[in-house]
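In what follows, a single structure is set out as structure tokens and then discussed.
The values are calculated or read from the model by the stated rules, or taken from the named source; none is laboratory data. Remember, it's a predicted structure, so these values are computed and weren't measured experimentally. Reconstructed Cβ throughout: ideal geometry from the backbone, glycine too, with neighbour counts over all protein chains shown.
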Amino acid sequence: MDGSLTRRKPRITKGIDMAYTNKVIEHYENPRNVGSLPKEDPHVGTGIVGAPECGDVMKLQIRVNDSGVIEDAKFKTFGCGSAIASSSLATEWLKGKTVDQALEIKNTQIVEELSLPPVKIHCSVLAEDAIKAAIVDYKSKSTK
Amino acid sequence: MTTKTYTSDNPLYLDYHATTPVDPRVLEKMLPYFTQNFGNSGSRNHAFGWKAEAAVEKAREQVAALIHATAKEILFTGGATESDNLAILGVAEMYKDKGKHIITCVTEHKAVLDPCKHLEENGYTVTWLGVDKNGQISLDELRNAITPETILVSIMHANNEIGTLQPVAEIGKLCKEKGVLFHTDAVQSVGRVPVDVEAMNIDLLSLSAHKIYGPKGVGGLYVRRRNPRVRLAPLFFGGGQERGMRSGTLNVPGIVGLGEACEIARKELGSEAERIKQLRDRLWAGLQKNLDELYLNGHPTDTLPGNLNVSFAFVEGESLMMGIKDLAVSSGSACTSASLEPSHVLRALGVREDLAHTSIRFGLGRFTTEADVDYALQRIVSEAARLREMSPLYEMMKEGIDLETVQWTGH
């Protein structure tokens, strides 16, 4: 292969605009479903993932009705624009899904939908973890 | 006054520590030296050279006057990074028979840290002094660190991130007593606060044009000529310009610009510093009035007039920057720099990592107006408040949960 003419992938190391797609910016500016549900409610599952010293913490909550369908989803996120967008998107996708369907949401789908660059993939992983944590919390309550 | 509108493509500039625009008065003085007076200041045989040389010598006087030096003690360089390297590596080479120990500080600029690291890898010993929570070194620690082997102490005057002023006069006095050379990187302080190499016992001082409304690509190095006479080994070799310490054709228009920038600073520094400090205080008071849980990074009083470095707790720095794209500011957050670490300066202060992630550096300067500050305030307050409404940490804090005791799931 002629190395001299191969295209190099642009490296994203710095800057804000470079790292964000329009979809991320749109979610950041108009986040869906920001808020909180009552944690103690047996129909509500809460997942909190991440750590402040890592620069992102996501809280994701679901309210599940008696037929196992997620009626409502809310989030609060401390993190960069991609983290906010990932959790905002996750709440949109969760609404109307059953708990089992929700477990099938993969971080790669979030990466694809938001066109996240490699340095921001961890945001999507965090969103998937938050969904799983919220479902685990809900299930632990409903089996009681 | 007309209100300007700012956008992400045309933001309000509040990053005067990074660089400053060239003052139109400076540009005006520079322009003839690009075209009609384009001579090489080293050409001794014709008027083109003489005019260039006269301009360079005038600039040398102007720079010297600002820092209370004499013209012969000023060297022109390609910028402050070069000045720092020349001072540190030049002293290290010249005085290596006397000793191979250098003392510096962990919050220095990379242009000081990296040449010191280079020396450390090449047989020198370097003592890296820490700082207190406000960013100042301890004079006792410095005194105890000096050994008979010590040839140089390099401590910056003002920090570029947090604005903290080091006690350079006390450091200079101590170095003088101990017979050790004292270099200070004064890039952020020259032209912004008074600098006096005599009163402060400074032996070497780095300065830059583009931080004081001059052009980029030109800097200066003050090298003391008497009591003691400081000698430097050059970094590069060639035509022997600048008394052999800095070979290379002089950047005449740039030097003219640096000289004029120093002249303006000397005349206006007092009133300008006062005006800028008031704007900075207005910004800080306005933020505190409208937002809780703010933390000032740096020294509360011993600081540059235009610097404000604030941690907006519970709001991630990069997301805040994204929300205020119409303001050109800097963040100490990991995400905006190539490295994944928060700023080495904030870490050295002992700022908690979560707070380091939320820091914004504002730099106010000559062309910042009160209307600009009010605009910035309104934008930052509304965006920080919006992001806090979205922040699970802010909610937990409000519920009375101690975030230190929470078991987080790192990733």
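Observations on the structure shown:
- Selection within the stretch B:366-410 - within 12 Å of chain A (Cβ to nearest Cβ), surrounded by 13 or more Cβ atoms within 10 Å (Cβ to Cβ), part of a loop (DSSP other than H, G, I, E, B) and out of contact with any strand residue (DSSP E or B) (no Cβ under 6 Å at 6 or more places or on another chain): B:Val406
- Positions within the stretch B:248-282 being closer than 20 Å to B:Asn40 by Cβ, among the aliphatic types (A, V, I, L, M) and under 21 Å from the mean Cα position of the chain (by Cα), in sequence order: B:Ile255, B:Leu258
- Within the stretch B:29-47, tally of residues that are surrounded by fewer than 12 Cβ atoms within 10 Å (Cβ to Cβ) and either within 14 Å of chain A (Cβ to nearest Cβ) or assigned to a helix (DSSP H, G or I) (or both): 1
- Residues of the stretch B:147-176 satisfying the condition of being under 19 Å from B:Phe362 (Cα atoms) and not in a strand (DSSP E or B): B:His157, B:Asn159, B:Asn160, B:Glu161, B:Ile162, B:Gly163
- Subset of the stretch B:296-328 [more than 17 Å from B:Ala356 (Cα to Cα), buried (at least 20 other Cβ atoms within 10 Å of the Cβ) and under 17 Å from the mean Cα position of the chain (by Cα)]: B:Thr303, B:Leu304, B:Pro305, B:Gly306
- Some residue of the stretch A:123-137 being within 14 Å of chain B (Cβ to nearest Cβ), among the β-branched types (Val, Ile, Thr), without any contact (Cβ under 8 Å) to a residue 24 or more places away in the chain and buried (at least 24 other Cβ atoms within 10 Å of the Cβ): no
- Residue within the stretch B:182-195 that is of a type in the set (Ser, Thr, Tyr), surrounded by fewer than 16 Cβ atoms within 10 Å (Cβ to Cβ), more than 13 Å from B:Leu75 (Cα to Cα) and within 22 Å of the chain's Cα centre (by Cα) present: no
- Cross-chain or 6+ apart pairs with Cβ under 6 Å, the stretch A:10-34 first and within 16 Å of A:Gly79 (Cα to Cα), then in a loop (DSSP other than H, G, I, E, B) and at pLDDT 50 or above: A:Ala19/A:Pro117; A:Val34/B:Met390
- Options A:Ser88, A:Ser115; residue that is at negative phi and more than 8 Å from chain B (Cβ to nearest Cβ): A:Ser88
- Residue count for the stretch B:1-25, restricted to those that are over 19 Å from the mean Cα position of the chain (by Cα) and either assigned to a loop (DSSP other than H, G, I, E, B) or closer than 29 Å to B:Asn309 by Cα (or both): 13.
- Residue in the stretch B:49-57 that is surrounded by 15 or more Cβ atoms within 10 Å (Cβ to Cβ), over 24 Å from B:Lys176 (Cα atoms), among the small types (Gly, Ala, Ser) and without any contact (Cβ under 8 Å) to a residue 24 or more places away in the chain present: yes
- Condition met for B:Ala71 (small (Gly, Ala, Ser), modelled with pLDDT of 95 or more, in contact with a Lys or Arg (Cβ under 7 Å, 6 or more places away or on another chain) and under 29 Å from B:Leu152 (Cα atoms)): yes
- One residue stands out among those in the stretch B:345-365 that are assigned to a helix (DSSP H, G or I), under 21 Å from B:Leu113 (Cβ atoms) and within 14 Å of chain A (Cβ to nearest Cβ): the one that is nearest to the chain's Cα centre (by Cα), which is B:Leu346.
- Criterion violated by A:Glu40 - all others in (1) under 20 Å from A:Val136 (Cβ atoms); (2) modelled with pLDDT under 95; (3) within 7 Å of chain B (Cβ to nearest Cβ) satisfied: (3)
- The lone exception for B:Ile88 - which of (1) farther than 28 Å from B:Gly217 by Cα; (2) touching a His at 6+ places or on another chain (Cβ under 8 Å) it fails: (1)
- Residue check for A:Lys59: modelled with pLDDT of 80 or more, within 10 Å of another protein chain (Cβ to nearest Cβ), surrounded by 16 or more Cβ atoms within 10 Å (Cβ to Cβ) and under 18 Å from the mean Cα position of the chain (by Cα): yes
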